[in-house]
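Right, one structure below, let's go through it.
The values are calculated or read from the model by the stated rules, or taken from the named source; none is laboratory data. Everything numeric here is computed off the predicted structure, so don't read it as measured data. FYI the Cβ positions are ideal-geometry reconstructions off the backbone, even for glycines, and counts take in every protein chain you see.
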Amino acid sequence: MKYQLFYWPSIQGRGEFVRLALEYCGAAYDDVARREGEAALENLLARRTLATPPFALPCLKAGRLFIAQTANILQFLSMRHTLCANSTVKRIWTHQLQLTIADLVVEIHDTHHPIASGLYYEQQKAAAKRRSADFIKHRMPKFLGYFEQILARETARDAWLTGKQVSYADLSLFQIIDGLRYALPKASARTLKKCPRIQALHQRVMDLPQIRAYLGSKRRIAFNQDGIFRHYAELDHSPSKTGRWP
Ligand SMILES: N[C@@H](CCC(=O)N[C@@H](CS)C(=O)NCC(=O)O)C(=O)O
């Protein structure tokens with residue numbers, strides 16, 4: 001069976017967490033809008049008569065089933081493919097980690113769009129400067145510090161977030177780090193200095209043969225200024241010499 005992924009064709013966005021999981025487990029999928037254009041997405045979002053209509057994208061079609069919410073899609077895929085450890089405790093734990101990553105994704109998005117998604121960045125630049133300063137000073141260290149501590153609990157050097165087995169949460173954390181390095185190169189480097197295990201995990205995910213092949217393929221869309229991770233140099237704050245923040 002071939003899955004159909006419905007997501008915006010020109011950005012990584014939230015769809016990328018699903019693409020990484022599909023690529024890792026070698027599942028056949030059609031990235032529908034990259035082939036057919038965005039009209040396919042608009043048609044889907046208008047189909048309120050579906051049994052499970054999506055509110056927003058990404059959405060995955062598996063047979064007759066339409067599944068939305070990134071964490072929900074990943075949990076579904078993990079029931080069919082080897083994408084997390086096979087015990088109830090580990091499944092719930094992996095889902096919990098993914099939901100925390102979903103919270104982080106919203107905060108990353110809000111660094112450049114703190115007022116409204118429907119407004120241009122230029123219309124909310126002043127608020128974006130304040131929001132990104134707070135994100136860099138407080139939120140990014142808090143989130144990444146949490147994941148670093150989770151990894152530190154494992155004694156084995158080659159452990160993943162949930163233990164011995166790689167899970168979709170590891171693939172998602174890889175994506176977060178890749179994106180933060182693109183969007184906030186200076187600030188993320190400062191935070192990541194204190195997170196050696198996260199840095200190592202990012203490299204280890206990149207070295208997984210399926211992920212390496214995907215990243216080198218045309219299927220991987222480059223980061224750009226339309227996605228969740230956007231690079232605006234003026235948002236990549238550093239504290240001043242006196243330690244003060246904007
Ligand atoms: N919680 C959802 C959020 C989905 C979401 O906000 N998707 C964005 C694109 S990345 C969207 O289509 N937003 C339109 C809207 O919220 O009206 C998830 O994690 O999948």
Item to complete: Could you tell me whether segment 64-75 includes any residue that is touching a residue at least 60 places away in the same chain (Cβ under 8 Å), within 15 Å of the ligand (Cβ to nearest atom) and among the aliphatic types (A, V, I, L, M)?
Response: yes
Discussion item. Out of the helices (runs of 4 or more DSSP H) lying entirely within segment 1-60, which hold 1 or more residues that are free of Cβ contacts under 8 Å to residues at least 12 places away in the same chain?
Written reply: 32-36, 39-45
Discussion item. Which condition from (1) more than 11 Å from the ligand (Cβ to nearest atom); (2) of a type outside the set (Asp, Glu); (3) under 25 Å from residue 230 (Cα atoms); (4) surrounded by fewer than 17 Cβ atoms within 10 Å (Cβ to Cβ) is the one that residue 50 breaks?
Written reply: (3)
Worksheet item: Going by the structure shown, is residue 128 under 30 Å from residue 240 (Cα atoms), surrounded by 20 or more Cβ atoms within 10 Å (Cβ to Cβ) and either within 19 Å of the chain's Cα centre (by Cα) or outside the structural domain of residue 30 (by TED's automatic domain parsing) (or both)?
Response: yes
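Residue by residue, here is whether (1) surrounded by 12 or more Cβ atoms within 10 Å (Cβ to Cβ); (2) more than 15 Å from the chain's Cα centre (by Cα) holds:
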{"position": "190", "(1), (2)": "yes, yes"}
{"position": "198", "(1), (2)": "yes, no"}
{"position": "215", "(1), (2)": "yes, no"}
{"position": "220", "(1), (2)": "yes, no"}
{"position": "227", "(1), (2)": "yes, no"}
{"position": "233", "(1), (2)": "no, yes"}
Practice prompt. For residues that are of a type in the set (Gly, Ala, Ser) and more than 6 Å from the ligand (Cβ to nearest atom), scanning just segment 53-63, find the one that is farthest from residue 20 (Cα to Cα).
Written response: 63
Discussion item. Based on this model, can you work out whether residue 78 counts as away from the ligand (no atom under 12 Å from the Cβ), surrounded by 18 or more Cβ atoms within 10 Å (Cβ to Cβ) and modelled with pLDDT of 95 or more?
Written reply: yes
